[in-house]
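Participant: This structure is in structure tokens; I'll ask about it shortly.
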Amino acid sequence: MKKINSQLGFSLVELSVVIVIIGVLAAFAVPKFRDSVERSKASEAINYLSSIRTAQERYLYIESTYADDLANLDIKFPTPKYFSVGEFLAGDTGNLEDSWRLTLTRTGPSAGYGEYTITYGENGVVADESSLTDTPSINPLAN
């Protein structure tokens with residue numbers, strides 16, 4: 001009779017090595033994935049604000065002033081799911097006739113980044129009023 005000497009399974013050392021490798025890969029991948037998900041949510045807000053800006057320019061062309069309420073704009077864009085929308089305020093000039101600001105605030109759990117804001121105006125993102133610019137890893141406008 002032949003003696004069969006075959007291993008059935010893995011040794012404890014082999015399993016430990018595989019678990020360590022998976023742990024190291026996860027340590028690098030999870031934060032990048034989390035940043036990617038939060039960046040996509042911030043992109044949704046930027047797209048929303050960009051559409052508002054375009055609608056504000058059309059409103060300015062017709063009414064000779066910027067709108068003071070979203071309902072006055074000719075846009076049907078869904079409210080961002082992860083942000084609360086503020087109210088229109090006068091921009092740099094202090095008058096809605098030639099400048100405006102609108103701030104979105106991140107609501108709900110934000111992957112550990114906490115509450116942040118994105119402020120937009122007639123010239124695009126207002127960096128000094130947007131706390132999103134302080135976190136380049138989730139800022140869709142950062143390179």
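Nothing in this text is a laboratory measurement; each read-out follows from the coordinates by a stated rule. These figures come from a predicted structure and were not determined experimentally. Reconstructed Cβ throughout: ideal geometry from the backbone, glycine too, with neighbour counts over all protein chains shown.
Participant: Taking amide H positions as placed 1.01 Å from N in the peptide plane, with prolines and chain starts having none, which residues 5 or more places from residue 83, or on another chain, fall under 5 Å of its amide H?
Facilitator: 107
Participant: Cα centroid distance between the stretch 9-36 and the stretch 42-116, in Å?
Facilitator: 43
Participant: Still on this model: Note the listed values (1) 42, 30, 26; (2) 99, 28, 25; (3) 62, 36, 28, then indicate which one is Cα extents along the principal axes in Å calculated from this particular structure.
Facilitator: Checking each listed value against the structure points to (2).
Participant: Normalised by the residues of the stretch 26-143, what does the relative contact order come to in percent, with Cα pairs under 8 Å and at least six apart?
Facilitator: 24
Participant: What FRET efficiency would be calculated for the residue pair residue 77, residue 28, taking the C-beta separation as r and a Förster radius of 22 Å, to the nearest 0.05?
Facilitator: Computed FRET efficiency for residue 77 and residue 28: 0.05.
Participant: Something else about it: Which value at 222 nm does the chain reach when only helices count, each DSSP H run of 4 or more adding -39,500 (n - 2.57), with the total divided by all residues and rounded to the nearest 500 deg cm²/dmol?
Facilitator: Result for the chain: -13500 deg cm²/dmol, rounded to the nearest 500.
Participant: Here's another thing I want to ask about it. For the chain, find the longest principal axis of its Cα atoms and tell me its angle to the long axis of helix 12-63, 0 to 90°, nearest 10.
Facilitator: With both axes taken from Cα atoms, the answer is about 10 degrees.
Participant: Within the stretch 14-77, report the trypsin sites (Lys or Arg not before Pro) that DSSP leaves as loop and that have at most 12 other Cβ atoms within 10 Å.
Facilitator: Numbers: sites: 32, 34, 39, 41, 53, 58, 76; in loops: 76.
Those that pass, being in a loop and sparsely packed, are 76.
Participant: Quick one: if you stick a label point 7 Å off each Cα along the C-beta vector at residue 37 and residue 63, how many nm between them?
Facilitator: 3.9
Participant: Count the lysine pairs in the chain whose Cα atoms sit under 24 Å apart, keeping only pairs 8 or more residues apart in sequence or on different chains.
Facilitator: 4
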